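What follows is a short report on a single structure.
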Amino acid sequence: MAGFVVVVAMGGDLADVRLWARELDAVHERFVHRFSRSEPRESALACMRGLIAPLQRKNGWTLAEEAGHAGPDRIQRMLNRIDWDADEVLGDVRRYVVDNLGDPDAVLVVDDTGFLKKGTRSAGVRRQYSGTAGRTENSQVGVFLAYATDRGRTLIDRRLYLPTFWTDDRDRCRRAGIDDDVAFETKVAMAKAMVRRAITDKIPFRWMTADAAYGFSKNRRSELERADVFHVMATTRHDTVVTRWAIDHSVHDLFNGLARQKRKRRSCGSGAHSLADLRLGTRRGAALAPTRPPPLGDRPPQHQPARGGLLLHRLLPCRDHPGRADPHRGQPMGHRGMLP
């Protein structure tokens, strides 16, 4: 199933878009050979220009108008009918990202987001929870892998989430252009596949992080631990983790059982909705994990004594005082998935 893949660094002033034109041509040159004819090559560049243009809405019609086309047919034909491989183009763009933003201190970030839709024919669309809307809406949901460095941040991988409502109806899938070999995958499985691919492709990074929707998966945390990937994964207070003393130890009990001298509180600054404070805790005087761990390939073997672990507790705002952190409310997170 063909699909359009373009990765543009997020952030910056839209007034500077015109200054990006030369670099946009350089990105286009990375994958122009994936199209056998000149028309889809030109349509791909026109689509990219439209995607970074300061348009109020972005769809086939508005992108065509921005490109000076009489209608959306050329861009839609490139997206839906021309034979090209979206994954190959994604690989070309990822190499461009590494060449320009590659950093051994980079962070991989997994998250999903929803795209509100009105119809029922778009692949994967149905009434489901959308983080964009903050409620259940008719939407598509995509799982994304972001690459963040001091020099910029961008998306380097993506998966379209297909609920069983879709994968159990092969006729519906065929009408939407979804191949018969595309089976149901959970969002966690999609995240696993994207991180594995980044490791296989030797994308330089130091940390991987995700929210509780992905951190709650014990299998995911264990796989990262076995792969020797440093990570900070959010989870819920009801989750259990492996420690030196127990196979399954309640996260909530672990934090509440810490002696006062083993806790540290650090402010991360103001978040989008509240103060972002962290409580950090260690057990039995174990050293805190280094803030800048050694690069991949230079790390000591798993479970070495030098390996510190952190129990992090993100404080949430008081219900009565949104600007003030409530010590009784929070969300636990674990560094490296293993507590000391």
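At a glance:
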quantity	calculated
Label-reachable residues, the stretch 189-230, where backbone N falls under 17 Å from a point 7 Å from ASP85's Cα toward its Cβ	197-198, 201
Cβ-derived FRET efficiency at R0 25 Å, ARG196 paired with GLU39, nearest 0.05	0.10
Ranked packing of 136-148, 106-118, 45-57, most packed first, by mean Cβ within 10 Å	136-148, 106-118, 45-57
Unsatisfied cross-links (Cα-Cα over 30 Å) in the set LYS58/LYS218; LYS118/LYS202; LYS118/LYS187; LYS58/LYS187	LYS58/LYS218; LYS118/LYS202
Cα-projected label distance for PHE115 with ARG170, points at 7 Å along beta-carbon direction, nm	2.6
Label-to-label distance, nm, for residues given as ASP103 and ASP181 (7 Å Cα→Cβ offset)	3.8
Residue-count net charge about THR136 - beta-carbon cut-off 11 Å; Lys, Arg +1, Asp, Glu -1	+2
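Readers should treat all values here as calculations from the given coordinates under stated rules, not as data from a laboratory. For clarity, every value in this text was computed on a predicted model and none was experimentally measured. Using ideal geometry, Cβ is built from the backbone for each residue, glycine included, and neighbour counts are taken over all protein chains shown.
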